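Below is one structure; the comments refer to it alone.
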Amino acid sequence: MAPVMERGRFEHISVKVNENDLETGAVKILRIIRPEWQVANIRFKLLTDGITNKLIGCLPDDAPEQETVLVRVYGNKTDLLIDRKAETRNILLLSQKGLAPNLYATFENGLAYKFQPGCTLTKETVRNKEIYTLVAKKMAKLHKVKVDGVNNPKPFIWKKTRDFLNLVPEEFSSLKTQKRFTELGLPSQSGLNEELIELQKDLEKLESLVVFCHNDLLLGNVIFTKEENDVTFIDYEYAAFNYQPFDIANHFTEFVGLDLENMDYSADFPSEEFQKNWIRVYLAEFNERTAISEAEVEKVYRNVQKFVLVSHLFWGIWALIQAEHSSIEFDYLLFAKIRLDEYFARKKDLLKGKTQPEATAS
């Protein structure tokens, strides 16, 4: 295998990394993409924020932090959920446009890419005006990305959600998981399918704009670099054309974080005032004009509230699949319970004509 001679060059490496021995696997990747590095001098740092994949940072002792290479190993069976070829194409496209970190290489069950210095967002920093302004503008720029050969894009969300639903097991292979599923009172596959049919029928009537979306903009996928006064989006696993208000709604649903013991949508979901301020910044960047009317903001805001439903249903179903397959220590069934409970609560409120749900205990 020929080494990668230039930092901007991309290569596929025929290596499979054992998710339980990341350092050994990372060394195999680094020998190809960083042949000048001395293995004995490389420091490894396991990053533990993710709930889908495993990630390790790699850097020689004498190198600056920005030279860090991140090696990401896909979670067990995630190829059932994610089109890896599309992910690679997306990262390459977006890195060329300055919207994603440089991709150094892919390997059999993961990829290696450039480290972006900075801090991932928290429940507090995501509300900071300086930072949320950067996020709104960056999302608007992403939504204006054009893909060669795609002139009439279709939203990925309905087919993707249906594909996910088909992967939800009728019965979990683990008796313990099946018992917990029953105890939590989670809905059946057929019940979720009825919700999806109804939701698609209602939301297609909105005729929302279809744009290129990130589709998974949780707090850990946004890095704020103070020195550059900029934010970077990472992990484009689900990037695809989708409804514009979905990407915004999905980001807002992530304001509660991933700490299951402290996920409280009644307390941490952004207020109407915050959302409208955020949307106003977004529209100014997206439309490339400063004069944004209240009517424009209101229309997007109302559509976003409806697409919050889609986000909750989508990730609730996703979590049921992860509960069957993932080897990561995370209570996916509880996560599914929280997201699907929010779906049904918000749906009830929207049917009453309310855009914000009533405050309830988490």
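Before we move on, is Phe224 closer than 22 Å to Pro117 by Cβ, modelled with pLDDT of 95 or more and of a type in the set (Phe, Trp, Tyr)? Judged against the criteria, Phe224 is a match.
Only one entry in Ile131, Ile157 is at pLDDT 95 or above, more than 17 Å from the chain's Cα centre (by Cα) and open to solvent by less than 30 Å² (accessible area, probe 1.4 Å), namely Ile131. Scanning the range 61-96 for residues that are out of contact with any helix residue (DSSP H, G or I) (no Cβ under 8 Å at 6 or more places or on another chain) and of a type in the set (D, E, K, R) gives Glu65, Glu67, Arg72, Asp79, Asp83, Arg84, Lys85, Glu87, Arg89. The residues in the range 168-180 that are touching a Leu at 6+ places or on another chain (Cβ under 6 Å) and among the hydrophobic types (A, V, I, L, M, F, W, C) can be counted, and the count is 1. Applying the selection to the range 118-128, what residues are open to solvent by 30 Å² or more (accessible area, probe 1.4 Å) and touching a residue at least 60 places away in the same chain (Cβ under 8 Å)? Residues satisfying the conditions are Gly118, Cys119, Thr120, Thr122, Lys123, Thr125, Arg127. Restricting Glu237, Glu254 to residues that are within 11 Å of the chain's Cα centre (by Cα), surrounded by 19 or more Cβ atoms within 10 Å (Cβ to Cβ) and more than 26 Å from Thr106 (Cβ to Cβ) narrows the list to Glu254. Of all residues in the range 178-204, those that are over 19 Å from Arg346 (Cβ atoms) and without any contact (Cβ under 8 Å) to a residue 60 or more places away in the chain have Cβ atoms under 6 Å from Cβ atoms of residues that are part of a loop (DSSP other than H, G, I, E, B) and open to solvent by less than 70 Å² (accessible area, probe 1.4 Å), 6 or more apart or on another chain, in Gln178/Phe172; Gln189/Val168. Kindly check whether there is at least one residue in the range 314-321 that is surrounded by fewer than 19 Cβ atoms within 10 Å (Cβ to Cβ) and not hydroxyl-bearing (Ser, Thr, Tyr). The answer is no; no qualifying residue exists. Every condition in (1) farther than 13 Å from Val135 by Cβ; (2) touching a strand residue (DSSP E or B) at 6+ places or on another chain (Cβ under 7 Å) is met by Tyr238 except one, and the failing one is (2). For the range 57-80, check the following and say yes or no: at least one residue is among the acidic types (Asp, Glu), open to solvent by 20 Å² or more (accessible area, probe 1.4 Å) and within 24 Å of the chain's Cα centre (by Cα). Scanning the range 57-80 turns up at least one residue that is among the acidic types (Asp, Glu), open to solvent by 20 Å² or more (accessible area, probe 1.4 Å) and within 24 Å of the chain's Cα centre (by Cα).
For the range 164-197, residues that are part of a helix (DSSP H, G or I) and surrounded by 14 or more Cβ atoms within 10 Å (Cβ to Cβ) total 12. The single condition among (1) buried (at least 16 other Cβ atoms within 10 Å of the Cβ); (2) of a type in the set (D, E, K, R); (3) over 16 Å from Lys226 (Cβ atoms); (4) modelled with pLDDT of 95 or more that Lys114 does not satisfy is (4).
In the range 288-313, of all residues being farther than 17 Å from Glu254 by Cβ and hydroxyl-bearing (Ser, Thr, Tyr), the one that is surrounded by the fewest Cβ atoms within 10 Å (Cβ to Cβ) corresponds to Thr290.
Figure legend. Inter-residue proximity from the range 269-293: first residues within 21 Å of Glu342 (Cβ to Cβ) and at pLDDT 95 or above, second residues open to solvent by less than 30 Å² (accessible area, probe 1.4 Å) and not in a helix (DSSP H, G or I), beta-carbon distance below 8 Å, spacing 6+ or different chains. Indicated pairs: Glu272/Thr355; Trp278/Pro270. Selection within the range 198-222: residues that are part of a loop (DSSP other than H, G, I, E, B) and hydrophobic (A, V, I, L, M, F, W, C). The member of this set that is most open to solvent (accessible area, probe 1.4 Å) is Leu209.
The values are calculated or read from the model by the stated rules, or taken from the named source; none is laboratory data. Since we're looking at a predicted model, the values are computed, not measured. As a convention, Cβ positions derive from the backbone with ideal geometry for all residues, glycine included, and neighbour counts pool all protein chains shown. In case anyone asks, the SASA skips ligands and DNA or RNA and just uses the protein heavy atoms, side chains included. Shrake-Rupley method; radii C 1.70, N 1.55, O 1.52, S 1.80 Å.
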